[in-house]
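> Quick one: structure below, then a few questions.
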Amino acid sequence: MDHLRCKTPERVRNEIWTHLLGYNLLRVVKKELKLDRSLYEILQVLSVSLFEKAPVFEVLTSPNHTTNEPIRSNQLTLFDL
């Protein structure tokens with residue numbers, strides 16, 4: 001909510017209320033799921049996984065996997081360099 005996009009007072013009020021609603025919804029999700037992540041981290045996870053068909057609880061509670069294993073993909077290799 002750095003910058004408001006609307007110009008008329010009615011739409012500015014509507015945009016502010018929408019931001020407040022989203023913020024409080026994130027706070028409720030954090031409290032209900034007993035998450036230790038910050039609101040910023042929760043928002044980042046939700047924005048990345050927005051189109052995944054996974055329950056919100058699974059997405060937010062799964063640990064971050066940081067291993068040194070190479071990522072396996074189905075992409076074919078054109079050249080062995």
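> Any residue in the stretch 10-31 that's under 21 Å from ILE42 (Cβ atoms) and free of Cβ contacts under 8 Å to residues at least 60 places away in the same chain: show its pairings with residues that are surrounded by 10 or more Cβ atoms within 10 Å (Cβ to Cβ) and among the β-branched types (Val, Ile, Thr) at Cβ separation under 8 Å, as long as the two are six or more apart or on different chains.
Short answer, once both residue conditions are applied: LEU26/ILE42; VAL29/ILE42; VAL29/VAL56; LYS30/ILE42.
> Among (1) loosely packed, with under 12 Cβ neighbours inside 10 Å; (2) modelled with pLDDT of 90 or more, there is one condition SER73 misses while meeting the rest; what is its number?
Every listed condition holds for SER73 apart from (2).
> Something else about it: I need the full set of residues from the stretch 1-37 which are surrounded by 11 or more Cβ atoms within 10 Å (Cβ to Cβ) and under 27 Å from GLU58 (Cα atoms), in order please.
Once the filter is applied, which keeps residues that are surrounded by 11 or more Cβ atoms within 10 Å (Cβ to Cβ) and under 27 Å from GLU58 (Cα atoms), the stretch 1-37 yields THR18, HIS19, LEU20, GLY22, TYR23, LEU26, ARG27, VAL29, LYS30, LEU33, LEU35, ARG37.
The values are calculated or read from the model by the stated rules, or taken from the named source; none is laboratory data. All values reported here derive from a predicted model rather than from experimental measurement. Using ideal geometry, Cβ is built from the backbone for each residue, glycine included, and neighbour counts are taken over all protein chains shown.
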